[in-house]
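The values are calculated or read from the model by the stated rules, or taken from the named source; none is laboratory data. Just so it is clear, the structure is predicted and the values come from calculations on it, not from any experiment. Cβ placement follows ideal geometry from the backbone for every residue including glycine, while neighbour counts extend to all protein chains displayed. Note: accessible area is taken over every heavy atom of the protein model, side chains too, but ligands, DNA and RNA are not part of it. Shrake-Rupley method; radii C 1.70, N 1.55, O 1.52, S 1.80 Å.
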Amino acid sequence: MTTVFGVVQGTPKVTVQTADGHVGVATVKDGFYAYRRVEQSPWPGPIPGAVVRFRNPGQGEYVAAHR
């Protein structure tokens, strides 16, 4: 299972790209974002990295976090 969460300002669109190439959209509510993905089989090795991108309406997309 891949879980990514954090604090946001406003209500941006938050996308998460995991190391295996999957891209998903996080849920944004009450100043927080959360993303969870359940893989079909266990990940072989260390926890995969994830890149979190924020996009506010009328503004460019930027990388908010990388783990």
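See the values below:
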read-out: Leading residue at positive end of dipole, the chain (Cβ point charges), from TYR35, GLY10, HIS22; value: GLY10
read-out: Check: the chain dipole with +1 on Lys, Arg Cβ and -1 on Asp, Glu Cβ, in debye; value: 120 debye
read-out: Relative contact order (percent, whole number), the chain, Cα cutoff 8 Å, 6+ residue spacing; value: 35 percent
read-out: Per residue solvent-accessible surface (Å²) - the chain, probe of 1.4 Å; value: 69 Å²
read-out: Cα-projected label distance for PHE5 with HIS22, points at 7 Å along beta-carbon direction, nm; value: 1.8 nm
